[in-house]
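First up is the structure itself, then whatever we jot down about it.
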There are 2 protein chains.
Amino acid sequence: MKHVLERLTLKEKIGQLNQRLPGWDALEVTHGKLVVTDALKQEVERFGGIGSLYGLQRADPWSGRHWGNGIPPERSAEATALVQSYIRSQSSSGLPTLFVEEAPHGLQGLGGHVLPVNLAVGAAWDDDLVAELAAQVAHELRARGIHVALLSGLDMLRDPRWGRAEECFSEDPYIASHLVRSTVMAMQGAGERIDTEHVAVVVKHLAAQGAGIGGRNGSGAPLGWRELHEIHLPAARAAAEAGVAGYMAAYNDVDGIACSANRDLLTGVLRENWGWEGIVMADCTALDRLLDAAPDHAHAGALALRAGVDISFWDEAYVVLDQALDRGLIEMADIDRACERVLSLKQRLGLFDESPADSEPAPGDDVLAHRLAHRLARESIVLLRNDGVLPLAGSTRLAVVGPNADDLLSQLGDYTAPRPVPDPTSSTIRSALIARGFPVEHAAGSKLRERIDGGLDAVRAAVGASEVAVVVLGSSSRRLYESEFAENGAVQGADLGMTNGEGVDLSRVAIDPVQIEVARAAREVGKPMVGIVIGGRPHAVTEFAGLCDALIFSAFPGPTGGDAVVDVVSGAESPSGRLPVTLPGGEGVWPVAHDERRETSRGYADASYADNVLLGTGLSYSTFEVSVLSGSQTEVRARVQNTGSVESRYVVPLYGRRHVLGVRPRVRQVIGYVPVHLAPGEEQEIVFPLGIDELGTVDSHGLLELTPGHLDVWVSGDLHPPTDSVRIEVAP
Amino acid sequence: MKHVLERLTLKEKIGQLNQRLPGWDALEVTHGKLVVTDALKQEVERFGGIGSLYGLQRADPWSGRHWGNGIPPERSAEATALVQSYIRSQSSSGLPTLFVEEAPHGLQGLGGHVLPVNLAVGAAWDDDLVAELAAQVAHELRARGIHVALLSGLDMLRDPRWGRAEECFSEDPYIASHLVRSTVMAMQGAGERIDTEHVAVVVKHLAAQGAGIGGRNGSGAPLGWRELHEIHLPAARAAAEAGVAGYMAAYNDVDGIACSANRDLLTGVLRENWGWEGIVMADCTALDRLLDAAPDHAHAGALALRAGVDISFWDEAYVVLDQALDRGLIEMADIDRACERVLSLKQRLGLFDESPADSEPAPGDDVLAHRLAHRLARESIVLLRNDGVLPLAGSTRLAVVGPNADDLLSQLGDYTAPRPVPDPTSSTIRSALIARGFPVEHAAGSKLRERIDGGLDAVRAAVGASEVAVVVLGSSSRRLYESEFAENGAVQGADLGMTNGEGVDLSRVAIDPVQIEVARAAREVGKPMVGIVIGGRPHAVTEFAGLCDALIFSAFPGPTGGDAVVDVVSGAESPSGRLPVTLPGGEGVWPVAHDERRETSRGYADASYADNVLLGTGLSYSTFEVSVLSGSQTEVRARVQNTGSVESRYVVPLYGRRHVLGVRPRVRQVIGYVPVHLAPGEEQEIVFPLGIDELGTVDSHGLLELTPGHLDVWVSGDLHPPTDSVRIEVAP
């Protein structure tokens, strides 16, 4: 891209590195016609173009865009074309911009397909399905003129208090790595060139945001090198291997150095050690937050640029890069390097082609996407307990109670655009049960954190009039148009209706006491009781579980979530989800990830580890026998048989404990998983390939190497190697 | 020591590195006569001597020694002489042993002076007093034949859940460093040679045990290099600078490498970077715990020896060092190096002198030690709130209620020997109030975590019959002779009576709900209410504080604790303690140390930071005005005036926020403190010297260097630099 770069003025180069204008301010609708705003014109004039534009199609309470004033799907292509045309026309070199949008679980734009949140995706353990769906999303985005999708997936769920827990695939880096790899490859396509059916992906966040102290959003992660590379960087490394277009640098610091100013991370690890090439984008306003580590904006910008940030996201710091240059804080080569990376991404997307790549986008398949999302939601349903009450017979009279029984918004998760009205493809548990013909009595009982007058009486009455109580509790990341937002869109004001999502970190993670009252009221009536948690974080469910005869955990399953849960509850499908995270047994009982290092303490004197619900937990309506047949350094063979009477999908996980001389081992790690689908009596042999990803240890450059030692493997759900585990000697 | 070393066989060398026999098993009393046991004889024969003997005089539930079967103070010298004489007589080279004892807050032996726990010491902010007291303890120990005192002090209180919180001086490394330095210098004396009025000190634990995840004892500390050096190693560095004789390696790992096998730490940091010379002792059974990172004991021993562990503490791993040598896992030079260090310490203590150094020990001064301990306890009392009810007039009729109102054992802390019977110098709050002539009604109301039948009624009756309620709640590290213990002496079985101490980690740290019921019962009567917390960890006191008109926090103040609290409550002394740790506002609200790095999040949506009680909090009966007069790179001058009407001790803290380019600053750090004593109206100018300890940043070798930037300093209690803070430019 040298030839393009050479034609650019300093102002234009700086323009390529800035992403300042809120995209939703770039267009307005006048008499039904889309027109570019003065804000866009000023921004384009200021920089002689715009390097990338974030959020043109974003719609949500923060942007203030909704069906009344936002860009509907059918006008998306028109909108992007209009803005692109304007920007190109005003740039001396005709440089196109990049349209960047949030797509953490589908596009956060009007009419975008909404998928289950990542935490639900993690519960399905299904790389192939995720890839199919990701491809559909990519088609949809590109058809709407979008070039770059911001995708959550690198954050590891290490603290249940963190409000963004729902954006994590898992606490386990192996699961997260596989899902990130599948998603990135499906969204970008396999080639170096990103064609018109695919989009560039910027994965977020780099790095260790899930390790912020206290589970507080963006707080420091004072991590050591092994912890960083073993737990927090594998998913990023998988993305690099998949050729991901970019990374978003996280807000947090790693051991004192903010990620956005962290040369060791952004250049040392990513580029020098991993050999990756692409762009690094800062998180929203993250560079201006460097002012606590720099005397002024120019210094902040210089820190970031020299560390390896190529694109700023709403900062003053990158606007004044010219001052930084004048003051000798950076060199022109620093600007050129970043600029060249941005231009290279545009080239990779075909934006410099004679016939621009996105002139004829390939539309996505709406029906297919919906069907896949529904399937993914269904696979994500985790049955934690079943004393025989499930599945429900078709005519059972049900009391469907609790605040999440009939609240679509609570199923969707954060970063979701407003639903269309009407919304015929969505379902709540109540609506889905009714649609299947169950006689249903309903009472909310309470709000998530507030009592409702007469709520408990209504619950008792509903349960009294029914044969089985279905009690749906949990949390919600609903955003309100009346909420207050921080400058980066995180929720700011307290809001009792929201218990999850960015900006909603909690010190207590058990199912709220107000909701437990609802469960108690239902229980008191004496009917069989099915508990369902629809939530966005690893809630402590000990108390709720103790009240139920069956318990289901469903991380925000999306708009088809009601149908998905009812597929399982009704027995139409046997449940097959497994927890991708360990649920703490009670308040204050964390961290509890299954792959913490071994400890010798007895745990908390006032809590029982037996109350923790371990990663991998998930029951079926059938029964399965699994065993390891053989293990070597290249593969593990296992056998699984459906020994029950119900045809069912079933995920076979492979767990391992790796021993290396001198290093305290982690208790257990996922090192493989294979979903199967077996009829009663059917059996299957499974091969888990082993390689450097499963056996390697991290060297001082963050690269994997084979260190001598051994690996114990097993396929049962045990936390510690059971007696039938197989030991594999590892030699380089 | 080469000449001694050369005379030793391999067996004898290995013997010098092992500390296996429980000291309390070395002697028995037969017909009133002390005799060496067969266990001692076997151990001596096995190794041709014994390098060091732990716990000859230890008395507590774990050792099973008490006044009925242990070594009383008046026979200590006889006991050590007897054992020493036996060991020397059986060693071919006449090598003496080292007598090692626990002295985390005074000797854990019968009749030993018991001081306030470290957390209370931290609340006094009084290096000079600590030094005076430490000197007395050292005299006492040496007079009892003890050579080596194991001293807590390196652990930083970063998680309120940790049961050993009471053994920490502070969450702040500056406070801990100063107290460790004062203590070590006072106990060892200033010279290289440790004379007969002093003892060698082994400080513990190295390193970062206070950062174990989840506050779980000995769990991993996945820390980065800056966090380790800035927070967890300064106290260790201070000890090195004070010439400390040794370090105890901690149980935990640091980023995956167990401290006992951590060459970077034990050799790299301590010896190569800091230039320190001395011995490293492993924690009890810590080397055998390396078996999770080593295939057998010989490998575990080799890991530890090569990392830099010189003395094992009850492990098989060091018994088989000969096998490790045979198998080529270590070299003779590794054994010789460790052995030479042990011999050097004996030489430093004068044990090779013609006239052995400990033949004429200098006795301690009982009265002085008691007086100093009482003063220290008094200075440690922190007044958190006072709506005018304190101090109490002398004739006030008091209801003294709550489980810690009259329970001496709850005042003492962990690692305490049984008290003498009778115990005339001890006092509880109840007994001290009675002794001062207050009319007192008493009711325990509850146990620490259990209701008592009729307890609340008794509380109400007592308060009803009184003018003021004094409600004493909190926690306890009492150990019972019936308790179960782990192999290293940590409490193993659950015990409702114990809520603190080694092995008693808790997931919840608020004052127990059962105790809050007592406070509510007292409150309901409608009398003015003084709340007192006697506890061993940073309890969340929000709920209790809301019920009280005045609130005092007293970390386990020791046997004179009752008197100390009553000194303050009665107005005999104005309170002057300050919290050395931040109390979390509620469950799940942690970490909250005042020196965490700056965060941009709003904190927990379900908790208010305003409920946290900040390090440095502490009220007086007088009022004081403080201001910074001037600041430079070499000193800060401040002025303090007693503007109230009560003569009082007062601690002036100096807080700072250090800015260095590219590093996220810590919110606030203690960088100086000076206790003053001022009459009403009196004022004083204070000089805080600044130097590399206060201004430096840690380089890649863990050494301090002056990095350009600036430092904001202030003397008010604000968490953030107030408007009258002074900025100091820092240049190398």
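Need pairs with beta-carbon distance below 6 Å; first residue within 17 Å of A:Ala373 (Cα to Cα) and within segment A:561-572, second part of a helix (DSSP H, G or I) and open to solvent by 10 Å² or more (accessible area, probe 1.4 Å); sequence gap 6+ or separate chains.
Close Cβ pairs (under 6 Å, with a partner that is part of a helix (DSSP H, G or I) and open to solvent by 10 Å² or more (accessible area, probe 1.4 Å)) amount to A:Gly562/A:Ser431; A:Ala564/A:Arg378; A:Asp567/A:Arg378.
Out of curiosity, is A:Val628 crowded, with 19+ Cβ neighbours inside 10 Å, touching a Ser or Thr at 6+ places or on another chain (Cβ under 8 Å) and not in a loop (DSSP other than H, G, I, E, B)?
Answer is yes for this residue.
Where residues in segment B:306-325 are open to solvent by 10 Å² or more (accessible area, probe 1.4 Å) and hydrophobic (A, V, I, L, M, F, W, C), which of them is nearest to B:Tyr251 (Cα to Cα)?
Taking the candidates together, the pick is B:Trp314.
Please enumerate the residues belonging to segment B:684-698 that are open to solvent by less than 30 Å² (accessible area, probe 1.4 Å) and of a type in the set (A, V, I, L, M).
B:Ile686, B:Leu690, B:Leu695, B:Val698
Which condition from (1) at the interface with chain B (Cβ under 9 Å from one of its Cβ atoms); (2) crowded, with 24+ Cβ neighbours inside 10 Å; (3) at pLDDT 95 or above is the one that A:Thr499 breaks?
Here A:Thr499 clears every test but (3).
Pairs only if they're at least six apart or on different chains, beta carbon under 8 angstrom, first in segment B:674-685 and among the polar types (S, T, N, Q), second open to solvent by less than 70 Å² (accessible area, probe 1.4 Å); list them, first residue then second.
B:Gln684/B:Arg639; B:Gln684/B:Val640; B:Gln684/B:Gln641; B:Gln684/B:Val676; B:Gln684/B:Leu678
Out of segment B:232-257, which residues are open to solvent by 10 Å² or more (accessible area, probe 1.4 Å) and away from every other protein chain (no Cβ under 14 Å)?
Residues satisfying the conditions are B:Pro234, B:Arg237, B:Ala240, B:Glu241, B:Ala242, B:Gly243.
State whether the residues of segment B:558-577 include one that is closer than 27 Å to B:Glu450 by Cβ, in the same structural domain as B:Gly503 (by TED's automatic domain parsing) and touching a Gly at 6+ places or on another chain (Cβ under 7 Å).
no
Does any residue of segment B:416-426 turn out to be open to solvent by less than 20 Å² (accessible area, probe 1.4 Å), over 23 Å from B:Asn18 (Cα atoms) and touching a residue at least 60 places away in the same chain (Cβ under 8 Å)?
Within segment B:416-426, one or more residues are open to solvent by less than 20 Å² (accessible area, probe 1.4 Å), over 23 Å from B:Asn18 (Cα atoms) and touching a residue at least 60 places away in the same chain (Cβ under 8 Å).
With B:Ser554, B:Ser574 as the choices, which residue is open to solvent by less than 20 Å² (accessible area, probe 1.4 Å) and part of a loop (DSSP other than H, G, I, E, B)?
B:Ser574
In segment B:276-349, which helices (runs of 4 or more DSSP H) lie fully inside it and hold 3 or more residues that are away from chain A (no Cβ under 14 Å)?
It comes to B:321-326, B:332-348.
Suppose the filter is part of a loop (DSSP other than H, G, I, E, B), under 22 Å from A:Leu376 (Cβ atoms), more than 14 Å from chain B (Cβ to nearest Cβ) and of a type in the set (A, V, I, L, M, F, W, C); does A:Val581 pass it?
Taking the combined requirement at face value, the residue satisfies it.
Looking for something within 30 Å of B:Leu21 (Cβ to Cβ) and aromatic (Phe, Trp, Tyr) - is there at least one such residue anywhere in segment B:528-549?
no
From A:Gly402, A:Gly413, which residue is over 16 Å from A:Ile532 (Cβ atoms), in the same structural domain as A:Val569 (by TED's automatic domain parsing), crowded, with 24+ Cβ neighbours inside 10 Å and touching a helix residue (DSSP H, G or I) at 6+ places or on another chain (Cβ under 8 Å)?
A:Gly413
Could you check how many residues of segment A:229-255 are part of a loop (DSSP other than H, G, I, E, B), farther than 28 Å from A:Val660 by Cβ and not hydrophobic (A, V, I, L, M, F, W, C)?
The number of residues fulfilling the criteria is 3.
Of the conditions (1) in a strand (DSSP E or B); (2) within 11 Å of chain B (Cβ to nearest Cβ), A:Gly218 fails just one. Which one is it?
Every listed condition holds for A:Gly218 apart from (1).
Can you tell me which condition A:Asp505 does not meet? The list is (1) among the charged types (D, E, K, R); (2) out of contact with any helix residue (DSSP H, G or I) (no Cβ under 7 Å at 6 or more places or on another chain); (3) at pLDDT 95 or above, and all the others hold.
Of (1) among the charged types (D, E, K, R); (2) out of contact with any helix residue (DSSP H, G or I) (no Cβ under 7 Å at 6 or more places or on another chain); (3) at pLDDT 95 or above, only one is false for A:Asp505: (2).
What number of residues in segment A:450-481 are open to solvent by 70 Å² or more (accessible area, probe 1.4 Å) and under 30 Å from A:Ser63 (Cβ atoms)?
2
Could you list, in sequence order, all residues of segment B:699-731 that are assigned to a loop (DSSP other than H, G, I, E, B) and under 11 Å from B:Gly631 (Cβ atoms)?
Correct list: B:Val715, B:Ser725.
For residues that are free of Cβ contacts under 8 Å to residues at least 24 places away in the same chain and more than 7 Å from every other protein chain (Cβ to nearest Cβ), scanning just segment B:590-611, find the one that is farthest from A:Gly501 (Cα to Cα).
Among those residues, the one meeting the criterion is B:Val592.
What is the residue count in segment A:557-571 for residues that are in a helix (DSSP H, G or I) and not β-branched (Val, Ile, Thr)?
5
Being open to solvent by less than 20 Å² (accessible area, probe 1.4 Å), modelled with pLDDT of 95 or more and not basic (Lys, Arg) is true for just one of A:Asp563, A:Asp595, A:Asp611. Which residue is that?
Of A:Asp563, A:Asp595, A:Asp611, the one residue that is open to solvent by less than 20 Å² (accessible area, probe 1.4 Å), modelled with pLDDT of 95 or more and not basic (Lys, Arg) is A:Asp595.
Scan segment B:633-662 residue by residue and report those that are of a type in the set (Lys, Arg), away from chain A (no Cβ under 14 Å) and open to solvent by less than 30 Å² (accessible area, probe 1.4 Å).
B:Arg649
With the structure loaded, tell me whether B:Ala120 is under 12 Å from the mean Cα position of the chain (by Cα) and either surrounded by fewer than 24 Cβ atoms within 10 Å (Cβ to Cβ) or farther than 17 Å from B:Cys259 by Cβ (or both) or whether it fails that test.
yes
I'd like the full set of residues that are surrounded by 22 or more Cβ atoms within 10 Å (Cβ to Cβ), within 14 Å of chain B (Cβ to nearest Cβ) and either of a type in the set (A, V, I, L, M, F, W, C) or out of contact with any helix residue (DSSP H, G or I) (no Cβ under 8 Å at 6 or more places or on another chain) (or both), limited to segment A:664-683.
The answer is A:Arg668, and nothing else.
Each row is one residue, and each column tells you yes or no for (1) of a type in the set (A, V, I, L, M, F, W, C); (2) more than 14 Å from chain A (Cβ to nearest Cβ); (3) farther than 25 Å from A:Ala221 by Cα.
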position: B:Val533; (1), (2), (3): yes, yes, yes
position: B:Gly546; (1), (2), (3): no, yes, yes
position: B:Ile552; (1), (2), (3): yes, yes, yes
position: B:Pro575; (1), (2), (3): no, yes, yes
position: B:Gly585; (1), (2), (3): no, no, no
position: B:Gly631; (1), (2), (3): no, yes, yes
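Regarding B:Arg226, is this residue touching a residue at least 60 places away in the same chain (Cβ under 8 Å), assigned to a helix (DSSP H, G or I) and either on the phi < 0 side of the Ramachandran plot or within 10 Å of chain A (Cβ to nearest Cβ) (or both)?
Yes.
The values are calculated or read from the model by the stated rules, or taken from the named source; none is laboratory data. What you see is a predicted model, and the numbers here were worked out from it, not measured in a lab. Cβ sites come from the backbone with ideal geometry, for glycine too, and all protein chains shown count toward neighbours. These area figures cover heavy atoms from the full protein model, side chains too; ligands, DNA and RNA do not enter into them. Shrake-Rupley method; radii C 1.70, N 1.55, O 1.52, S 1.80 Å.
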